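Accompanying notes for the structure given below.
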Amino acid sequence: MLKQFFILCSGADTDILEECSIGEQNKYAGIGATVFFTAAMATIAASYALYTVFDNLISSIFFGLIWGLLIFNLDRYIVSTIKKRDNFIDEIIQATPRIFLAIIIAVVISKPLELKIFEKEINQVLLEQKNDLTLTNQNQIAQQFNPKITELENQISGLQSEINNKETEVNALYSTYISEAEGTAGTKLLGKGPVYKEKREKHDAALAELQQLKTDNKAKIATIESQINSLQSSYEANVTDSQPIIDNFDGLMARITALGKLPWLPSFFIFLLFLAIETSPIIAKLLSPKGEFDFRLQDQETIIKTWTAQQVAERKLLLKTDNDINNKVYNEIADEEDVMNYKRKKARELMQYQADAFLKKQKGVL
């Protein structure tokens, strides 16, 4: 049962192959097994590749099976259409387009499996890329908010400088009226005289202005700090909203790109492995000698070809004979006097009709 299944996979004519030896049947069973397992590998590879895209197991398996059946049909067609010739160069020319197609199929099959085999290394490359993207994204978003935040912080610094300058002024006035009271500066009279009172009043007025300035500027600073907090919240929200896009940066194209950053030699050997698997049925048919199956197939094709050529030759001969007979009959009739007289009479009538019609048309014009 398994042998018959693999023979069916090889695309060979089972009616002819049943009349061949066991060795010939085993050869085509081996070719069919290669076709089947290549399609199985294609199904696995396509399912994994689609799973990285859709992230759905059932859909990936379904479309992977469709892809595997497509590869199976292509391989079966390629193998079944390669026929042994008497000239090896003719066989190479016949197989060249099929070998190119096999190379394309090998690339398509091997790439998803390379992604699975080197998954850990690819994940490391993707992690580095995600970290770089995260930093780049944060910097780009920060460029949208930092100028405004810096401007607001400068405003806070300006308001705080006003308070500090006013405090310095108040402290200076305080030192002035204390020194006046102690007699160490100003009039140098000990006690609280008129000058002391004047300087004390000036200090008290400046102190009141300082208290008012602190109240006003603190309110302004609180408003500005609220704006800064709002900008920082917007920055964090933008970073949080954009981060899932970066976290999901592990699709099929991203993995293929990451695979390209790894050393090429291991991937190349995996490609060669699948290329050998994909082209093995073709190479086996090219290298194997002309077998019993090929002779029997050629015999059947020759019979049909000869019979078709005979039918075409007979139809051509029949057509030529019929034409010769018709020509001979018409030539004999053409020489008869009655036929000539009849044609002469009809030609005269036709010329009369034409003359009458011309005359009638000319009268209508005039």
Report summary line: Checked against (1) free of Cβ contacts under 8 Å to residues at least 24 places away in the same chain; (2) crowded, with 19+ Cβ neighbours inside 10 Å, L65 satisfies every condition except (2)
**Report entry** Hits in segment 133-174 - residues which are within 16 Å of L231 (Cβ to Cβ) and touching a Leu at 6+ places or on another chain (Cβ under 8 Å)
**Finding:** F145, K148, I149, L152
Query - Failed criterion for S110 (all others in (1) within 25 Å of E278 (Cβ to Cβ); (2) modelled with pLDDT of 80 or more; (3) not hydrophobic (A, V, I, L, M, F, W, C) hold) - result: (2)
**Report entry** Any hit, segment 317-325, residues being among the basic types (K, R), part of a helix (DSSP H, G or I) and more than 45 Å from the chain's Cα centre (by Cα)
**Finding:** yes
Report task. Check whether at least one residue in segment 295-307 is in contact (Cβ under 8 Å) with a residue 24 or more places away in the chain and among the hydrophobic types (A, V, I, L, M, F, W, C), and report yes or no. Result -> yes
Query - Filter pass, I303 being at pLDDT 75 or above and not polar (S, T, N, Q) - result: yes
Report summary line: Looking across segment 25-40 at residues that are in contact (Cβ under 8 Å) with a residue 60 or more places away in the chain and surrounded by fewer than 18 Cβ atoms within 10 Å (Cβ to Cβ), the single one that is nearest to the chain's Cα centre (by Cα) is F37
Requested in this report: Select, from I16, I22, the only residue that is exposed (fewer than 15 other Cβ atoms within 10 Å of the Cβ), of a type in the set (A, V, I, L, M), under 16 Å from Q4 (Cβ atoms) and out of contact with any strand residue (DSSP E or B) (no Cβ under 9 Å at 6 or more places or on another chain).
Outcome: I22
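The values are calculated or read from the model by the stated rules, or taken from the named source; none is laboratory data. Everything numeric in this text was worked out from a predicted model, so none of it was measured. Methodologically, a virtual Cβ is constructed for each residue, glycine included, from the backbone with ideal geometry; neighbour enumeration extends over all protein chains shown.
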